[in-house]
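Chemist: The structure that follows is given in the form of structure tokens.
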């Protein structure tokens, strides 16, 4: 009697894993995507901050888009679709630098827009994310 009970319960765990494995895969893929998007947001913020530090050196560098681009490229260099870029004029990376006034003092404003690549195509999810970060800093 005891031997018959063990034989009847032998395939249940294999069946459960087979039924749950697609859900586990989608959960893993979603977690991987969310981690990459968070990393892209942090990288864009750091790139904007570094570029704003450069443009806030003087009034002549406040509108230096090329210099700000180089600092932004250094900050985002570890992202996959930025490694081969040399300019910041079009997608996936756009950098703008303008001179503004904050509380009557000269300041610079740098905006970094980064478009993430599509990693894992998940149904019902856009796949690409546009991250825009703007930093304003007074000119020294």
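Chemist: Take the range 30-71 and flag every residue that is touching a strand residue (DSSP E or B) at 6+ places or on another chain (Cβ under 9 Å), at pLDDT 90 or above and within 15 Å of residue 116 (Cβ to Cβ).
Modeler: 40, 41, 43, 44, 45, 47
Chemist: Now, a different point. I'm trying to understand the selection: among the residues of the range 79-98, which are surrounded by fewer than 20 Cβ atoms within 10 Å (Cβ to Cβ) and either more than 14 Å from residue 115 (Cα to Cα) or modelled with pLDDT of 95 or more (or both)?
Modeler: Answer for the range 79-98, where residues must be surrounded by fewer than 20 Cβ atoms within 10 Å (Cβ to Cβ) and either more than 14 Å from residue 115 (Cα to Cα) or modelled with pLDDT of 95 or more (or both): 84, 86, 87, 94, 96, 98.
Chemist: Tally up the residues in the range 92-140 that are at negative phi and under 20 Å from the mean Cα position of the chain (by Cα), please.
Modeler: The total comes to 28.
Chemist: Identify all residues within the range 50-64 that are within 22 Å of the chain's Cα centre (by Cα), in contact (Cβ under 8 Å) with a residue 60 or more places away in the chain and surrounded by 18 or more Cβ atoms within 10 Å (Cβ to Cβ); write none if there are none.
Modeler: Of everything in the range 50-64, those that are within 22 Å of the chain's Cα centre (by Cα), in contact (Cβ under 8 Å) with a residue 60 or more places away in the chain and surrounded by 18 or more Cβ atoms within 10 Å (Cβ to Cβ) turn out to be 51, 52.
Chemist: So is residue 67 in a helix (DSSP H, G or I), surrounded by fewer than 17 Cβ atoms within 10 Å (Cβ to Cβ) and over 15 Å from the mean Cα position of the chain (by Cα) or not?
Modeler: For residue 67, the condition - in a helix (DSSP H, G or I), surrounded by fewer than 17 Cβ atoms within 10 Å (Cβ to Cβ) and over 15 Å from the mean Cα position of the chain (by Cα) - is met.
Chemist: Can you work out which of the residues in the range 101-117 that are surrounded by 13 or more Cβ atoms within 10 Å (Cβ to Cβ) and more than 15 Å from residue 71 (Cα to Cα) is modelled with the lowest pLDDT?
Modeler: 117
The values are calculated or read from the model by the stated rules, or taken from the named source; none is laboratory data. On a predicted model such as this, the values are computed, not experimentally measured, just so you know. So basically every Cβ, Gly included, is an ideal-geometry build from the backbone, and we count neighbours across all protein chains shown.
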